[in-house]
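What follows is a short report on a single structure.
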Amino acid sequence: MKKCALMFMVLLAGCVSSDEPSFEINNKQFHEKQDDQGNKLFAYVVSVRAKHRDNFELDRGPNNRPSRSEIKKYIEQEHFEESSVLKLELEDQAVKLLNQELKIRQYCDNKHEVSEVLWRDLSVLLRGRCL
């Protein structure tokens, strides 16, 4: 019964937030090109660093059980690959970074639109065009 309760708490881990940074951006790439009609197109990729998963031993022996704080810390771990909330946070951050990049490069004079968002395991790709 205790193991079932612990497993249930582990499943709820994605719903609990942590004070630690959610993810660390480790790579940003901007690509530009023009289509046959002369429209400016762009692609912007933002990747995050994979976090090491901590191992958690449930069976340490009868006199060495994990403390409640250890269990709570393990449950509160949220991993990017499994969290749609963190992926949406990265997507929002990627849009902000794209806007900054377009401004720095002076690539889109007026406005731009993002027409496609593609996800990979640890990155998001924003594709669009200048208006």
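Separation of the alpha carbons by more than 24 angstrom is noted, of Lys40/Lys96; Lys33/Lys87; Lys33/Lys111; Lys28/Lys72; Lys28/Lys87; Lys73/Lys96, for Lys33/Lys87; Lys28/Lys72; Lys73/Lys96. For the listed peptides 84-93, 32-41, a ranking on the average number of other beta carbons within 10 Å per residue, highest first, reads 84-93, 32-41.
No lab work stands behind these numbers, since they all come straight from the coordinates. Quick caveat, the model's predicted, so the values are computed rather than measured. Counting neighbours? That spans all protein chains shown, and the Cβs are built from the backbone with ideal geometry, glycine included.
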